[in-house]
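Below: one structure, written as structure tokens.
Where a number appears in this text, it was derived from the coordinates with a stated rule and is not lab data. All values reported here derive from a predicted model rather than from experimental measurement. Cβ placement follows ideal geometry from the backbone for every residue including glycine, while neighbour counts extend to all protein chains displayed.
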Amino acid sequence: MARVLTYIAIAVLAVIVLGADYAPYVNLEVAPYIRRHTIIDPTTPKLDKGHMVDDYFSVEDLGQNTFAIGEPRYYQQNYAYLIIGEKRALLFDSSSGTRDVSPVIKSLTSLPVTVMVSHLHFDHLGGIIPFHHVAMIDLPQTRADMKDGLFTPKRYEYSGIADKRARPSFAIAEWLAPGRTIDLGGRVLTVLSTPGHTPTSASLYDPAAKRLFTGDYIYPTTLYAFSPGASMSAYHETAQRLLATMPADTILWTAHCCRKDGGILAPWLRMKDLRDLDDQMLRVKAGVVPYTGFYPRVYPVNDQMTLATGFPWNNP
């Protein structure tokens, strides 16, 4: 009996150790069973800015031929951005795919549209299939997802487990290396590699408008820095690079609503918020900031953000 109990204790300890070591993956796999949620809010939201389309999408004119397309009834309240030039347009993120966003895009521009995603998570890549000209940041990790001429994100890159989303497969029309510019005609955007939230996260910089479109690298509410592939050191390196190269008055247009000092509108932050995030990450790494929760650990950042991280050993 003593030997059996010893074996059981060893087995339990092994499960605990492996669970802690692979916590980002375990958390994602068990999410459907422990965190059930309503995908679409049955009520029509009251927007602070913009207007609703088909009782699902919101469209907000940001000026300078730029539109924020939101999903305020979707539980993650995603935002994508349509950036229009004289010859072509670029849609940054394809929406979640819960509803087809392509008719909304067609209502806003008749120009050819290129779609580029900020990263490969399902709530940003899920609406890609209706589009036929897809650009992708050119990194070894994204190139590795090509097979037989089609791009298919890996299971944890897509992370659609909780919502039971099937991974899409599609052709890539353009590979965009970090630092490359995209000429939309009278409007030039720069592709930036901004890892942290994921290794393949990308941002777009519009220098004429002093706008940085960040995807999930930074946004109001709770930042997810604990999912598979998230890295605190990569977050810090990206923040340092952006703080050193972006003008101080750059506005960050982000991917998830909502600001704590506003209602339902396209989410934005300032470079000061990025500085606050980077400073707090350094304090978190030093172990001097109190947190709430077990997994993820949630830390305060400022009046717009909190930061959710994993354990130090699996969130380096």
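The lysines whose alpha-carbon is closer than 20 Å to the alpha-carbon of Lys49, local same-chain residues fewer than 8 away aside, are Lys260. Run through segment 21-89 and list the GluC sites (Glu not before Pro) located in a DSSP loop whose Cβ has at most 16 other Cβ atoms within 10 Å. Answer in residue order: Glu86.
Taking a point 7 Å from the Cα of Asp41 along the Cα-to-Cβ direction, the residues of segment 294-308 with backbone N closer than 20 Å to it are 304-306. Around the amide H of Leu223, modelled in the peptide plane, lie the amide H atoms of Thr306, Leu307, Ala308, all under 5 Å away and 5 or more residues distant in sequence or on another chain. Each stretch of four or more DSSP H residues adds -39500 (n - 2.57); spread over every residue of the chain, this sum gives -7500 deg cm²/dmol at 222 nm. Amide hydrogen proximity for Tyr75: with H placed 1.01 Å from N in the peptide plane, the residues at 5 or more positions away or on another chain lying under 5 Å are Asp41.
In the elastic network of the chain, a GNM with C-alpha springs shorter than 10 Å, the most mobile of Pro24, Pro220, Pro300 is Pro300.
First select every other residue whose beta carbon is under 14 angstrom from the beta carbon of Leu265; then total the charges, Lys and Arg +1, Asp and Glu -1.
After counting each charged neighbour, the total is -1.
The loop-placed trypsin sites (Lys or Arg not before Pro) in segment 212-316, going by DSSP, that have at most 13 neighbouring Cβ atoms within 10 Å of their Cβ come out as Lys260. Principal-axis analysis of the Cα atoms of the chain puts helix 232-245 at an angle of about 30° to the longest axis.
Residue separation times 0.36 nm, minus the C-alpha to C-alpha distance between Glu174 and Asp148: what's the value? Spell out each step's value before the answer.
On the way: separation 26, 0.36 × 26 = 9.36 nm, distance 1.63 nm.
Separation in residues times 0.36 nm, less the Cα-Cα distance, equals 7.7 nm.
Once R0 is set to 30 Å, what does the formula 1/(1 + (r/R0)^6) return for the Cβ-Cβ distance between Asp48 and Ala248, expressed as a FRET efficiency to the nearest 0.05? Walk me through the intermediate numbers first.
Numbers: r = 26 Å, r/R0 = 0.87.
Efficiency, rounded to the nearest 0.05: 0.70.
If you take every DSSP beta bridge whose two residues both sit in the chain, what share of them, in percent to the nearest 5, is antiparallel?
Details: 39 of 58 bridges.
Of those bridges, close to 65 percent are antiparallel.
In sequence order, segment 204-209 has phi-based couplings of 10, 10, 10, x, 5, 9 Hz under the Karplus curve 6.51 cos²θ - 1.76 cosθ + 1.60, θ = phi - 60°, and Gly or Pro positions carry x. Given the choices (i) 32, 58, 9, 1; (ii) 32, 61, 7; (iii) 27, 41, 28, 4, P(r) over Cα pairs in 20 Å bins from 0, in percent derived from the coordinates of this structure is entry (i). Distance between Cα centroids, segment 176-230 to segment 79-121: provide it in whole Å. Here the two parts' Cα centres lie 15 Å apart.
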